Amino acid sequence: MANVTKTASGKWRFQVTVNYKPKSKVFMTKAEGYFWEESLRDGKTKAPTITFGELLIKYRDEVSSKKKGERWERIRIDKFMKDKIALVNIADLSKPLFANWRDRRLKEVSALSVLREWALLSHALHIAVTEWEYLKENPMKGLKKPVGEPPRDRLITQDEIDRLCYSLNYSNQLILTTVTSRVGASFMLAIETALRAQELCNLTWSDISGRVAKINDSKTAAGVREVPLSTRALAIIEQCRGLDEKYILNISTSQLDSLFRKAKKLCAIENLHFHDTRHEAITRLSSKLDVLELARTVGHKDLSMLLVYYNKSASDIASKLD
């Protein structure tokens, strides 16, 4: 029998001896601990009696909560709980079940949306295999993914920029006292820096050092990406001086998303996402930086990824040949 003790954080520490070797592990619940003990003694992985939905809730609370994209993963998981596959015991999950889910979702949403959901579900199952030892293998492994849509190549015209700034009550002459005007500042700063919406909203005064913004980026070895700031970018940042002691723009991602959508509607601008500012910014920066400088600035290790965002036309490139 395992020696079970409660930790100071309210979790449960299980200590067992199997084949004369001591093993110890901490769990959120006793049920998980007893399952772990049983699987060790049996010498094999045995799925606990939980549904796929319950597994996703555990993933949401323990894994998603540590990610930058926590908000969107929580939304997707909460929606997924209404799907019938969420009620299936994880021991009964299979390729045919996920193939059926894939085909049903493709009738409801775009292939790109299904791929985003696919990545989330597959990673949750991967963690269930490699860390929680709930499953022997990932039932989605080897299943054919839907064909994704071509990458967006949407650039933003100067006319659209002018109309959006007017709708958001932003100009470089105004004091940014309203949330709406700060969304306008975010829009313009994104075009100058290629920063993502969440990176902009999380930007603090301590992140700025001279003409460099330090962005938390788990994809880099140091965990930080240094983004050079243009004179225009510095001017936009200075406009925000005094709004908040910590955050430069002092807005949330939900405020940015909601007010940017509202401004687009007022301007009658279609097929434009805030993330398209990244396409626009990288295309502009590509005429000023070489490919390695550009990759370092925008945080791409794979140089081929820059082709997704780089949108210079063939005629623009031809003009540089003479």
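The values are calculated or read from the model by the stated rules, or taken from the named source; none is laboratory data. All of these numbers come straight from a predicted model, not from anything done at the bench. Neighbour counts run over all protein chains shown; Cβ positions are idealised from the backbone, glycine included. Note: areas computed on protein heavy atoms with side chains; ligands, DNA, RNA excluded. Shrake-Rupley method; radii C 1.70, N 1.55, O 1.52, S 1.80 Å.
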My understanding is that a pair violates if its Cα-Cα distance is over 20 Å; which of Lys11/Lys66; Lys68/Lys144; Lys107/Lys145; Lys95/Lys144; Lys95/Lys145; Lys58/Lys84 do that in this structure?
Lys68/Lys144
Provide the FRET efficiency to the nearest 0.05 for the Thr5-His126 pair, computing r from the beta carbons and using R0 = 25 Å.
0.25
Relative to the longest principal Cα axis of the chain, at what angle does helix 30-42 sit, 0 to 90 degrees, rounded to 10?
60 degrees
Within the accessible area of region 45-94, what % is carbon and sulfur when the probe is 1.4 Å and the other protein chains stay in place?
54 percent
Å² of accessible area per residue within the chain, as computed with a 1.4 Å probe and no ligands counted:
58 Å²
Karplus ³J(HN,Hα) for region 95-109 (6.51 cos²θ - 1.76 cosθ + 1.60, θ = phi - 60°; Hz, whole; x = Gly/Pro) runs 4, x, 5, 6, 5, 5, 4, 4, 5, 5, 5, 5, 7, 9, 9
Residues with amide H under 5 Å from that of Asp217, placed H, sequence gap 5 or more
Val224, Arg225
For the charge dipole of region 73-194, defined by +1 on Lys and Arg C-beta atoms and -1 on Asp and Glu C-beta atoms about the Cα centroid, which residue among Leu97, Ile127, Phe80 has the Cα displaced farthest towards the positive pole?
Leu97
Using the Karplus curve 6.51 cos²θ - 1.76 cosθ + 1.60 with θ = phi - 60°, work out ³J(HN,Hα) for each residue of region 2-14 in order, rounded to whole Hz, and write x for Gly and Pro.
6, 8, 10, 10, 8, 7, 4, 8, x, 8, 10, 9, 10
Counting every C-alpha pair in the chain, the percent lying more than 34 Å apart is 41 percent
May I ask you to derive the relative contact order of the chain, considering only C-alpha pairs under 8 Å and at least 6 residues apart, and to give it as an integer percent?
13 percent
Burial order of peptide ranges 287-298, 165-176, 190-201 (average beta-carbon count within 10 Å, highest first):
190-201, 165-176, 287-298
Can you pull the percent of region 190-273's accessible area that's carbon plus sulfur, 1.4 Å probe, other chains left in place?
49 percent
